[in-house]
Amino acid sequence: MPQPIIEFRNVHKTLGGRPVLNGVNLAVYPGEAVAIIGPSGAGKSTTLRLIAGLMAPDAGEVWVKGQPQVLVTEGEKSKARIGMVFQEAALFDSLTVAENVGFLLIEHSRLSPERIQELVERSLERVGLKDISDRYPAELSGGMRRRVALARAIIEDPDNPEDDLDILLYDEPTAGLDPIAAHRIEDLMRHLQRSVQHAATYVVVTHQESTIRRAADRILLLYDGQIRWEGTPAELDTSDNPYLTQFLRGELQGPIRLVD
């Protein structure tokens, strides 16, 4: 087996006095598309933030690209370049599409405004959007805003090898979208995985069954601080795991307790 590009080693995390992760071990390998599923409050988004270096575990270790992950707030530079597509896109409403997509290059590169605009347009074309650079997020549909957020996540400085994208993290990228818009996002995720050299590995947190089945190679079900099931989309319909069965069927009875 190749070395994992993401690895959790007995990771614990408590938030608001409540244990969210309780000794989680997981591995994601280069080129994989992994979906993390589970009920609300199970720690799925927390897992993404630990991978991204937005928070640190209370105990255990998070390794990314062969090294312990560092907190972005500590000023250290992670070995991996990670792009993140936040839930509800998280665009800056006061900035144009071009300013949103090019934000990191504007703030942290020495590229000229003309070069940044060229890279912005290229990134937007990669997500199927053209001629919208001067529009504002409020003028876009929900699906378009998600694609703008993805364009922002994948933009790179081609003159800086350290800026090559290694991992994409998606937090509920299709939540609230109609089925057609959701399928477009799912197809785009797969397209980028196949066609973008440095974005072949991604982790997606989702509740959407179509995203689970269409956009993942492997699925992890997280509940009560532990991975309770792991398998492929093909195994969703054949597994008798009680956690998975209850989650997919939305049943009230089973090992997953309701949280009020």
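The values are calculated or read from the model by the stated rules, or taken from the named source; none is laboratory data. Quick caveat, the model's predicted, so the values are computed rather than measured. Heads up, the Cβs are rebuilt from the backbone with ideal geometry, glycines too, and the neighbour counts pull from every protein chain shown.
Observations on the structure shown:
- Hits in the stretch 11-40 (condition: farther than 22 Å from ASP166 by Cα and among the hydroxyl-bearing types (Ser, Thr, Tyr)): THR14, SER40
- Of the residues THR174, THR96, THR73, the single one that is closer than 23 Å to ILE6 by Cβ and either modelled with pLDDT of 90 or more or surrounded by fewer than 16 Cβ atoms within 10 Å (Cβ to Cβ) (or both) is THR73.
- The condition (being of a type in the set (Gly, Ala, Ser), within 19 Å of THR211 (Cβ to Cβ) and touching a Gly at 6+ places or on another chain (Cβ under 7 Å)) is satisfied by just one residue among GLY38, GLY43: GLY43.
- Any helices (runs of 4 or more DSSP H) falling wholly within the stretch 97-157 and containing at least 1 residues that are among the aromatic types (Phe, Trp, Tyr): 103-108
Yes/no per residue for (1) of a type outside the set (A, V, I, L, M); (2) at pLDDT 85 or above:
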{"residue": "GLU156", "(1), (2)": "yes, no"}
{"residue": "PRO179", "(1), (2)": "yes, yes"}
{"residue": "HIS191", "(1), (2)": "yes, no"}
{"residue": "SER195", "(1), (2)": "yes, no"}
{"residue": "VAL203", "(1), (2)": "no, yes"}
{"residue": "THR206", "(1), (2)": "yes, yes"}
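- Some residue of the stretch 155-166 being touching a strand residue (DSSP E or B) at 6+ places or on another chain (Cβ under 6 Å), surrounded by 22 or more Cβ atoms within 10 Å (Cβ to Cβ) and under 30 Å from VAL20 (Cα atoms): no
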